[in-house]
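The values are calculated or read from the model by the stated rules, or taken from the named source; none is laboratory data. What you are looking at is a predicted structure, and each value in this text was computed from that prediction instead of being measured. Heads up, the Cβs are rebuilt from the backbone with ideal geometry, glycines too, and the neighbour counts pull from every protein chain shown.
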Amino acid sequence: MEKEKLFEIKDLRISAYNEQKEEIRIVKGVTFDIHKGEVVALIGESGSGKTTISLGSLAYTKPGLHFTGGEVLLHGQDVLSMSPIEQRELRGARVAYLAQSAAATFNPAITIGEQVTESAVLHGVLTQEEATKRAVELYHALELPDADRIGFRYPHQVSGGQLQRLMAAMALCGNPDLMVLDEPTTALDVTTQIEVLKAFKKVIREENSAAIYVTHDLAVVAQVADHIVVLYGGEIMEQGSADQIINHPTHAYTKRLMAAVRPTPTAGMGTAVGSEHDRKVPAIEVKDMTAGYGGIVDNEPKVPILRDVSVKVENAHVVGVIGESGCGKSTLARVMAGLLPQARGDVLLDGNDLEGSLHDRNLEELQKIQFVFQMADTALNPKQVIGDIIGRPLEFYHGYKGKEKHAKVVEILDMVELPAEFATRYPMELSGGQKQRINMARSLAANPEVMLCDEVTSALDSIVGANVIKLLTALRDKTGVSFVFISHDLSTVASFADEIVVLYAGRVVEQGPTDEVLTPPFHPYTRLLISSVPEMRIGWLEDTMNKREMAVGIAKGVEITKVGCPFFNRCPMGIDGTCESESPPIRVLNDGHEIACHRTVEELEAAEAETQQILHGYERIGEDKQLPSAG
Amino acid sequence: MTEENKTKEEEVIAKLDTFDELPDAPPKRRIKLSWVGKISVAVVAFWLVICIIGPSIAPYHEMDMEGDDSFLDAYDNFYLGTDYLGRDTLSRIIYGARNTIGISLASTLLAYLMGITLGILAAVKGGWIDMGISRVNDAILALPTIMLGLIVIAALGSSIAILVGTAAVIYATSVFRIARALGQDIMVQDFVEAAKARGEGVWWIIRAEVLPNAAMPLATDFGLRLVFVVLFISSLSFLGLGVQPPASDWGSMVRENLQGLTYGSYAAIWPAFAIATFTIAINLIVDDISAKSGGSLAKKMV
């Protein structure tokens, strides 16, 4: 049966004009339809024009861009030829836009309820009472906690995932015909992402609304989209039903995108290290370290983050540190770098004690530990050329000057696979991936023993990120540098790290060689993280929601506790009376694999077997269901 | 799949493999002034030239009482008429440019030197140093500028050095606040933290990381501050505490010739006009520049 055609984009063309008045085509003739109750995903990397197209559906372009052709039809009516007043009525009322960052969308000084209902009331769609009632219904539909009263809170009083869902309530409040969602889950932790995806999917189905879902993440798309449009350079490469694109892609670009999707983290993904860089002592080690913010009183930080953390980084090894935001991953790296002196415990470099504060460390110690910041945009001084940025550590630590320094800069640029001409450029003249390479090149220039990489791939597109990882692996093999690789993305870590440290609420809950950590038995938190990584499979979201740890673990935030196991409130197998009050014992398995849990290894293994059984059971039910419809 | 599609597909994939290609270097961003801005630059340039070559082109000396009578309209060589002592108004304006603009420029430069040094120091060091300097600064800011100027000059006497010093201290307070705010913004940037992690000293961080990023907003503010100082010096002169007669200065010229207005003389209008052209022109240049740099200056203004 042909569904009602709600929205059509026909041969849409959008261009910019440069200073010489030449036309630069951004969107080059894009055509697709949306039917009622359908979610269409626009997928592509940065620069593919996906956001430009999605904004075009609101008859809006960013400043400097112009519609140069084509039609955007809502119920058969062209929105591009509407008067500005009609367009204003359209936006927010009939087509609603959800920006990427909920934190930036909400006004911190106004209650959530007021902001959610504002647009519907402003456009005269609903009265204030109707809108408030509708908002509460939506809070329930989006499974927000304390739904009847959450509208009275302020944005800072709810979690990031909840705020993201509230933004959906804001968009849906006025019953729009079409919702435009621009990367709504990209900046979230995997566990939060699931919670948000689930709520979005449910509410879209219940409201029978249509949506454009913009993202670069195919695995996410597989969960929510009915129809997928693959974009590259402002052109459609391929479009079709979700099943067709995910399971039978034909275009080479789509296949390429699929290859860059984070694979499910499994054992055997890490690379083995050669023995040529072996030494007796670890390159860097922290022992029983406690650290936090707000000053130190009696060897105890005022705001404690990390507690009794012990981590060893062997020479030329890559240690991946994972955990959700707020677990203390960056804090660990900052302590190692001396940016944050620890309250208790030791930091050792090559077996020698290091001072806590970098002011007390000597030049050689500083040179051996290099910190790579997360955002290359802010980590590079916009007023310095690349040659000066990379040249400074060369001069500062090694005394290179003049021609010698320049030759060295070129050599280092070559190591990060960038041409020598870059030395005279400013950071803003580079792309995101190139800036991140410069960011790493600056640390490399110091000729360090340990590089602390804080979420260096998180802000990059999947293909660009994959290239950065490839580069890091090559650098490790070539130079024998050890890496501490911090990420909230388990699959990236799994593909690159030799060892994994799982941090939860400032404590190490599990650590060991990558293969060991990623094979059962798992710490319940590790299990939760693994289950949360989206798989590029239609129906994965439903499957994973059926797992036990999901029922307990998601929709709750990280809380730092002083006693007991901090994971207790999210753990599916917590022991009442023990876990919340006593620190968990560290269970040592083979090959340095450690799990901090009150449950015994046998109990953890049994739980894993049970999970597998449940999963299998569901798969079989799924098969049964499919049989009659197929026949 | 058609042959054409196939080749297109290959093209895209080939592009992907070199996706980290050099993006075109963006054209160097130069500040282009609007026509208002250009006229303003011409006006400011004109006055600066007058400052330098003034005495050699003025028809009379500023102190010569060559006119036939006081408060005359333009006649013969007296293109703008005469003032209350029968001196040539045009010559006095030309001579006065030196005093008014010269003193203002010196004061503003000195104010900037003090303000930036202390402001950046407070931002970088923080803690007690920041607290100490900031509170003293707040205290000075709380006093009305003219009142403060009057008291200082009344106590120490009026000389050009004291005038410059007083104006500099008074205006250094607002420069301090801007420099401190800018410095604090920059100090929390990752690139400064990277420099700290590298072990760089305070002076290197200030010179290489902080100042280059603060330079543009501070430069635009400089123009604005100069205007305030011109008005301040003129106000002091108007009250008789600025440049002392018989030396000429635009502010005191307005005061001296005020009574001429009742006789229909323009002698007080011309120096006021000179002050207006110079200050408005500088304001327009600043507006033009900050509009071109995305209004970021407005945000930095405290």
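A few remarks follow.
- Any chance residue A:195 is within 14 Å of chain B (Cβ to nearest Cβ) and among the charged types (D, E, K, R): no
- Of all the listed residues (B:130, B:73), the sole one being acidic (Asp, Glu), out of contact with any His (no Cβ under 6 Å at 6 or more places or on another chain) and over 30 Å from residue B:185 (Cβ atoms) is B:73.
- Just one of the listed residues (A:480, A:506) is within 21 Å of the chain's Cα centre (by Cα) and not acidic (Asp, Glu), namely A:506.
- Annotation: of all residues in segment B:182-213 being within 10 Å of chain A (Cβ to nearest Cβ) and in contact with a Gly (Cβ under 8 Å, 6 or more places away or on another chain), the one that is surrounded by the fewest Cβ atoms within 10 Å (Cβ to Cβ) is B:197.
- Here residue A:253 meets each of (1) hydroxyl-bearing (Ser, Thr, Tyr); (2) buried (at least 22 other Cβ atoms within 10 Å of the Cβ); (3) modelled with pLDDT of 85 or more with one exception, condition (3).
- Selection from segment A:4-48 of residues that are modelled with pLDDT under 85, on the phi > 0 side of the Ramachandran plot and more than 14 Å from chain B (Cβ to nearest Cβ): A:37
- Within segment A:67-123, the residues that satisfy the criterion of being over 21 Å from residue A:211 (Cβ atoms), out of contact with any Leu (no Cβ under 8 Å at 6 or more places or on another chain), assigned to a loop (DSSP other than H, G, I, E, B) and touching a residue at least 12 places away in the same chain (Cβ under 8 Å) are A:107, A:108, A:109, A:110, A:111.
- Failed item in (1) in a helix (DSSP H, G or I); (2) out of contact with any helix residue (DSSP H, G or I) (no Cβ under 7 Å at 6 or more places or on another chain); (3) aliphatic (A, V, I, L, M), with residue B:106 passing the rest: (2)
- Checking each residue in segment A:472-508 for being at negative phi and touching a Lys or Arg at 6+ places or on another chain (Cβ under 7 Å) picks out A:483, A:486, A:489, A:491, A:492, A:503, A:507.
- Residue A:184 vs. criteria in a loop (DSSP other than H, G, I, E, B), within 26 Å of residue A:458 (Cβ to Cβ), touching a residue at least 60 places away in the same chain (Cβ under 8 Å) and within 30 Å of the chain's Cα centre (by Cα): yes
- Hey, residue A:408 in a helix (DSSP H, G or I), in the same structural domain as residue A:439 (by TED's automatic domain parsing), without any contact (Cβ under 8 Å) to a residue 60 or more places away in the chain and basic (Lys, Arg) or not: yes
- In segment A:293-329, the residue that is modelled with the highest pLDDT out of those that are under 13 Å from residue A:344 (Cα atoms) and polar (S, T, N, Q) is A:310.
- In segment A:386-401, residue nearest to the chain's Cα centre (by Cα) [restricted to those that are within 11 Å of chain B (Cβ to nearest Cβ) and under 16 Å from residue A:424 (Cβ atoms)]: A:389
- Residues that are farther than 19 Å from residue A:239 by Cβ, touching a helix residue (DSSP H, G or I) at 6+ places or on another chain (Cβ under 9 Å) and assigned to a strand (DSSP E or B) within segment A:30-66 comprise just one, A:65.
- Looking across segment A:326-379, just one residue is at the interface with chain B (Cβ under 8 Å from one of its Cβ atoms) and among the charged types (D, E, K, R), and that is A:361.
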